[in-house]
Protein chains: 2
Amino acid sequence: MSDSRAQALAYVQRHLADFEAALGELIAIPSISTDPAHKDDMRRAAQWLADRLQRLGAQRVALFDEGVHPLVFGELRAERDDAPTVLVYGHYDVQPAEPLDPWETPPFELVRRGDMLYARGVADMKGQVMAALAAVEAVRAAGQPVHFKFLFEGEEEIGSPGVARVLEAHADDFAAAFCLNPDAGMHDRDMPSITYALRGLAYFELWVSGPSHDLHSGLYGGAIHNPAQALAELIAGMHDAQGRVTLPGFYDAVRPLSDEERQRLAQVPFDDEAFLQQAGAPGLWGEPDYSVYERTTARPTVEVNGLLAGFTGEGSKTIIPARAMAKISMRLVADQTPEHAAASLRRYLEQHAPPTVRWELVEMVGAPPAYVDMHAPQVQALAQALQAVWQREPLYVRGGGTIPIVAELQRRGIPSVLTGFALPGANAHGPNENLHRPTWQKGIQALVHFFYNL
Amino acid sequence: MSDSRAQALAYVQRHLADFEAALGELIAIPSISTDPAHKDDMRRAAQWLADRLQRLGAQRVALFDEGVHPLVFGELRAERDDAPTVLVYGHYDVQPAEPLDPWETPPFELVRRGDMLYARGVADMKGQVMAALAAVEAVRAAGQPVHFKFLFEGEEEIGSPGVARVLEAHADDFAAAFCLNPDAGMHDRDMPSITYALRGLAYFELWVSGPSHDLHSGLYGGAIHNPAQALAELIAGMHDAQGRVTLPGFYDAVRPLSDEERQRLAQVPFDDEAFLQQAGAPGLWGEPDYSVYERTTARPTVEVNGLLAGFTGEGSKTIIPARAMAKISMRLVADQTPEHAAASLRRYLEQHAPPTVRWELVEMVGAPPAYVDMHAPQVQALAQALQAVWQREPLYVRGGGTIPIVAELQRRGIPSVLTGFALPGANAHGPNENLHRPTWQKGIQALVHFFYNL
């Protein structure tokens, strides 16, 4: 072990109480992004982070105000000019604490009971932010191996509506080789994990129209193509009987799962029965060649999010509706893009929409899928770091959802590696949110290792 | 020509002015069924008709109040006890006159200009009611060949919500061999017509559900069957590529069109281009083996009247909706029944709904199709009557819609023969509603012939 690494790890051990105290300060600021009454608290929390970065010796610290809440930027350069740049991501906003009754201790007070720390945001994600800052402080003290940049947003819990604007306005500031995002969790205190891929998103409104106005079905029924029926026919044709998407070229850009990757994914604890029970559906569905976990994380989908046509009130009205609308979204995987997905849907409609109706496809939000090869140096650096602390290989995990900041950074050429130290049962967003203190402390050590492994 | 018939026709000629004056009295009562402010006028109009029947010598006259507005019942027996019973149908309610500006003369005043009579309800259908009463008066004076019963409702313009209740409460009173319904129109002043068939109706809500709650499409998409998609798949499968209904047994009870019937239907003026233009759709659609007129009148259909699922507001929401709903209706033709149609749909769902979703079919309103064979004695009696006056064979017409009173009587074993003397351009429901006076007078004569032909 290098001297610096050993010194940094020792620094962590000596300062654990300080880190926990600092976390307590951050926790005490009720930075609830959803609640306008806490607007000042949002700025206080941002300022607290900016001060912390300043104390670490940051060359630059700034609060950017192009978004909804301040976004904290900071830069902490290593001595070696040609060191790689790591963008450390975090969000300082939290969910409201309500309902308050079930809380056993005040939500905005960091309370330790046994091995657990309790407070709103302790898991999601002020604890993770503090773990990253602690590791940075330690490596800073012992000999900083990489340049750090920081991006602490205050909008994660409201969908990051303003973050893209900030990144656009300060693109050069945020330039980095990759982003460390400790906002993911662990499957178990003994199972460190790395989320190396997330699905992207493409969202559409599909309008099918026919008659210029709602028609009397008695007078026109049988000789005019019903737009609601035509829409249903188009939607039905988007999947085959096995649940595969039939849009032309839809899968062309999909990076196939390697045998190794599938083996890794098979190690991720995933309970099909529990999944089905949580969904409450009568059965599983989808591409037979893939496991449920793969279907929901490593395979792209086409979903109908909403349908609206004609008369939907109480009772009966006998019309052929003039038009019908479907909200359609896709979850995308590497190396699909929202643009490619839209073209695929458009080609399908051009080929299959009958001449008896008109159609219009409105492209709404899109986000690219996120993917870092598990053999990429950053992923391996993190894997070895986690292994050094937990004495076992981490799980390689894919997420099925889309995280706006990850998609936005990906769009700007900055891949994210996600990890985190919150356990199942951490009750993020719920009462008695908690963090397993020994796991958190291990997390700090792992991040130290990570920075030296880069 | 029999003496009685000749006398009755002469009676009509002598009393045309009286009939027109009587029509003027009925017109002057603004019996607008949709407007609660005219509730008293509704009763006045009903009473006017009851008085008229009394004057004709009716053995029984009654206003039945089980519905929304009074329903006038009357019975006028022939001398010959074994004469058949004709139920004469009419509705005394009218649409509002608004907007008043375009009216050239006051809507509730019968005004004659040239060959035309103008007033609200003169075509739809006080003029037709008066034609029937005039013919009845004439045959009554000359020797009544059939028993008459009368059913004058005041709810036609509001969908006859209470008529079934009245018929149920007084089923014996309304017993008749068939019903004469003069609420249909003519294609041209030289083209008398008989509507011998109407389509029936079956109306459903189809619910498809899966998850117990809306699911996050990022977490579940790909492994849970989307209920909106499943609904679309079920709807899509209800027609083949040619627009034929695929529900098992759906067409089994459909009475095939005979060559003669198709020849008759082909004589009905029907302009496909004008039809398409009125619909405003990009093209015609439907069963290729049938003309547009046949498709919309003589063939049964399955229509989607409404669709509702998931998120339909502005913007995007990435959910797998817990459930999806379609309003589905069918137009039925003889000898289908709503019960048979529902069973057919249910069988389809049992066969095709996948085990990955649940479904529920709610049966709503149903009305049987109406059909009288064009060779039936009543139809031929009417055809000969029209031919006697117009010197040409009538058109044999089918209607694509469902008329509640016709369906209700059909359900009670009383078939209806529809005819009428309003011309295209009569502006029923619009301003300057009108009736061609010579055609109306011919209509009275034709009904006299009809009664003697029975």
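Each value in this text was obtained by applying a stated rule to the coordinates, not by laboratory testing. This structure is a prediction, so every number in the text was calculated from the model and none was measured. All Cβ positions, glycine included, derive from the backbone under ideal geometry; neighbour counts span all protein chains shown.
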Label 7 Å beyond Cα on the Cβ vector: residue A:51 copy-to-copy distances, nm:
9.4
Note, region A:205-221: 3J(HN,Hα) by Karplus (6.51, -1.76, 1.60, θ = phi - 60°), whole Hz, Gly/Pro = x, goes 10, 10, 10, 10, 10, x, x, 6, 7, 4, 9, 5, 5, x, 8, 10, x
Whole-Hz ³J(HN,Hα) from phi, Karplus 6.51 cos²θ - 1.76 cosθ + 1.60, for region A:280-285, glycine and proline x
x, 8, x, x, 7, 8
Where only C-alpha atoms are counted, convex hull volume of the protein assembly as shown per residue in Å³:
188 Å³
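Using only helices, what value at 222 nm comes out for the protein assembly as shown when you add -39,500 (n - 2.57) per DSSP H run of length 4 or more and divide by the total residues, to the nearest 500 deg cm²/dmol?
On the way: 26 runs with 314 residues, N = 908.
That calculation yields -11000 deg cm²/dmol at 222 nm.
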Report the semi-axes of the equivalent ellipsoid for region A:180-302 in whole Å, largest first, where each axis is √(5λ) for an eigenvalue λ of the Cα gyration tensor.
41, 16, 15
Could you give the Stokes-Einstein D for region A:386-427 in µm² per second, using the C-alpha Kirkwood radius, 10 °C, 1.306 mPa s?
125 µm²/s
For residue A:260, which inter-copy label distances result when the label point lies 7 Å beyond Cα on the Cα-to-Cβ vector, reported in nm to one decimal and in ascending order?
8.3
Taking 1 over the mean of 1/r across every pair of different Cα atoms in region A:1-84, what Kirkwood radius in Å do you get?
15.0 Å
For a label point 7 Å along the Cα-to-beta-carbon line of residue B:255, residues of region B:336-374 with backbone N under 14 Å:
B:336-337, B:368-374
May I ask you to evaluate 6.51 cos²θ - 1.76 cosθ + 1.60, the Karplus curve with θ = phi - 60°, for each residue of region A:294-306 and list the ³J(HN,Hα) values in order in whole Hz, giving x for glycine and proline?
5, 4, 8, 9, 10, 10, x, 9, 10, 10, 8, 8, x
Rg(Cα)/(2.2 N^0.38 Å) for region A:126-251, N = residue count
1.85
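What percent antiparallel are the DSSP beta bridges of chain B, to the nearest 5? Please report the intermediate quantities before stating the final value.
On the way: 49 of 69 bridges.
Close to 70 percent.
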Distances in nm, one decimal, shortest first, from residue B:313 to the same residue in every other copy, taking the label point 7 angstrom along Cα→Cβ.
2.1
Report the dimensions of region B:1-141 along its three principal axes from the alpha-carbon atoms, largest first, rounded to Å.
50, 42, 19
Provide the net charge surrounding residue A:236, with neighbours chosen by a C-beta distance below 15 Å and charges set as Lys +1, Arg +1, Asp -1, Glu -1.
-4
So what's the gap between the Cα centers of region B:138-212 and region A:20-95, to the nearest angstrom?
76 Å
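How large is Rg/Rh for chain A, to two decimals, with Cα atoms and a Kirkwood Rh?
On the way: Rg = 24.8 Å, Rh = 24.0 Å.
With Rg and the Kirkwood Rh in hand, the quotient comes to 1.03.
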Straight-line reach from residue A:149: which lysines have Cα under 23 Å away, leaving out those fewer than 8 places along the same chain?
A:126, A:442
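Would you mind getting the Kirkwood hydrodynamic radius of region B:113-200 from its Cα pairs, rounded to one decimal in Å? Display every interim value, and only then the final one.
Numbers: mean 1/r = 0.0638 Å⁻¹.
Computed over region B:113-200, the radius equals 15.7 Å.
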Radius 9 Å from Cβ of residue A:423, net charge of other residues (Lys, Arg +1; Asp, Glu -1):
0
